[in-house]
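The structure under discussion appears below in the form of structure tokens.
What follows is calculated from the coordinates using simple rules that are stated; it is not laboratory data. This one's a predicted model, so the numbers in the text were calculated from it and none came from an experiment. Every residue, glycine among them, receives a Cβ derived from its backbone with ideal geometry; neighbour counts consider all protein chains shown.
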Amino acid sequence: MKTYQEINDKISSGKAVVLTAEEIIDFVDRHGEDKALSQVDVVTTATFGPMCSSGCFLNFGQCTPKIRITDCSLDGVRAYSGLAAVDAYLGATELRINAPANLNFPGEFSFGGAHVIEKLVAGQSVELIACSYGTQEYPRRELRADIRLQDLNQAIMVNPRNCYQNYNVAVNCSDKRLYTYMGQLKPNMQNASYCSAGQLSPLLNDPWYECIGIGTAVWLAGAHGHVHAEGTQHCPSCQRAENGVPSEGAGTLGLTADMKQMSPRFVRACSFKGYGVSLALGVGIPIPILNAGILRRVCVRDRDIQAPIVDYSYDYPMKTGKVLGMVNYEELKSGSITLNGKKIPTGSLSSYSMALEIAELLKEELGAGKFLLSEPLRRLPQQQSVKNMPI
């Protein structure tokens, strides 16, 4: 048994042994569990991919005369202004004002909140247009200015739902091409799309949320942040394998960090034909090796992780929950899967190479004593299901 304090003391003194979630598998294979438990202190996990439920709070600072912003846009993308005088929340999937209604055609839909966030983190300027009804203490009614990230008092990324524990494998059984948030799905199951880093992914290495909870320190796009809540649609009450790994979406995380500390490499806007805009983010989370059980769970392999195959031409819009079959991530990453005797090419929206890069960067920060662990203030909910609208 180890404690967070003991491990943090080793990190601070530069004596901690840190491995990535990929390296720990090989270490245990070669040296055994006992040696790994006694020698390894932390395992780094990571993921990189589209995370639609993301956004940021921005404080623009006041002008002369003062303004109480009631409506504003950044590079033509509306931000929510129902907060304080010069605060706003910009959602990653918000589209540019007057974007065409038919998203199947290229056009302004290809630019949204995610692109504004990417530009800000990259140090570029964006145009702020704001208006107000005017009051005695806030008389100004209109404002137009070019702003950069360094001009803002605060730019805090606050994401309602990131890091899905697991997710669907999307196929299309119809005879028409589909355009979805899982990418283009060719007719008659000509391709399959998935989105997870598999054995590197944070919550798959901590399936019962023993180490990742409210207050856990995270590496979010290069900034040091933390888990502020269970993510929206957090649903731990689902089918799980004997090793605790869920075979569907399951857990999610609400994450936050200072955008001014982020790296543009790990904050990337993306557009999906027929769907809209999303934001690809890099997330790294360290898992302390406190006991043998945690060690065994961070040794999860792609072959141990099952994901459901779902027909997005019918089951997804109709919400039937029908599963065509199950497949593991080793098969998905091989480039093809077989379903009902048909060989189907696979592709991932999540970048494993980027996730591995993040796990290595976090490992370096821990090894240099620049990143410390934080014990959760509260565990994520263990029993919770997702409700649908009462209609």
**Message:** As a footprinting exposure proxy, order Y209, Y4, Y138 by other Cβ within 10 Å, with the fewest listed first.
**Reply:** Y4, Y138, Y209
**Prompt:** Which one of G254, S132, Y209 has its Cα pushed farthest toward the positive end of the charge dipole of region 132-270, where Lys and Arg give +1 and Asp and Glu give -1 at the Cβ?
**Reply:** S132
**Normalised contact order of the chain, rounded percent, pairs of Cα under 8 Å and 6 or more residues apart** = 24 percent
**Prompt:** Nearest 20 debye, what's the magnitude of the dipole of the chain about its Cα centre given +1 on Lys and Arg Cβ and -1 on Asp and Glu Cβ?
**Reply:** 780 debye
**Prompt:** Exposure proxy check: H226, H31 ranked by fewest other beta carbons within 10 Å?
**Reply:** H31, H226
**Request:** Just name one of A145, M157, V121: the one whose Cα is farthest towards the positive end of the charge dipole of region 117-161 (beta-carbon charges, Lys/Arg +1, Asp/Glu -1).
**Result:** M157
**Asked** What order do you get for 5-12, 115-122 when each peptide is scored by the mean count of other beta carbon atoms within 10 Å, highest first?
**Response** 115-122, 5-12
**Message:** If packing is taken as the average number of other Cβ atoms within 10 Å across a peptide's residues, how do 327-339, 18-30, 188-200 rank, most packed first?
**Reply:** 188-200, 18-30, 327-339
**Message:** Using +1 at the C-beta of Lys and Arg and -1 at the C-beta of Asp and Glu, which of S350, T338, M389 has the Cα lying farthest in the positive direction of the dipole of region 287-391?
**Reply:** M389
**Prompt:** So what is Rg over Rh here for region 137-236, counting just Cα atoms and using Kirkwood for Rh?
**Reply:** 1.14
**Request:** For region 153-205 and region 278-351, compute the distance between their C-alpha centroids and round to whole Å.
**Result:** 9 Å
**Request:** For Rg and Dmax of the Cα atoms in Å, several values are listed as (i) 22.2, 73; (ii) 23.4, 81; (iii) 27.9, 94; flag the one computed from this structure.
**Result:** (i)
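Which of the peptides 178-186, 372-380 is most tightly packed, and how do the rest follow, going by the mean number of other Cβ atoms within 10 Å of each residue? Could you put the intermediate results ahead of the total?
On the way: 178-186: 19.0, 372-380: 16.0.
The most tightly packed comes first, giving 178-186, 372-380.
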**Asked** Across region 264-391, how many lysine pairs separated by 8 or more positions, or lying on different chains, have Cα atoms within less than 18 Å?
**Response** 4
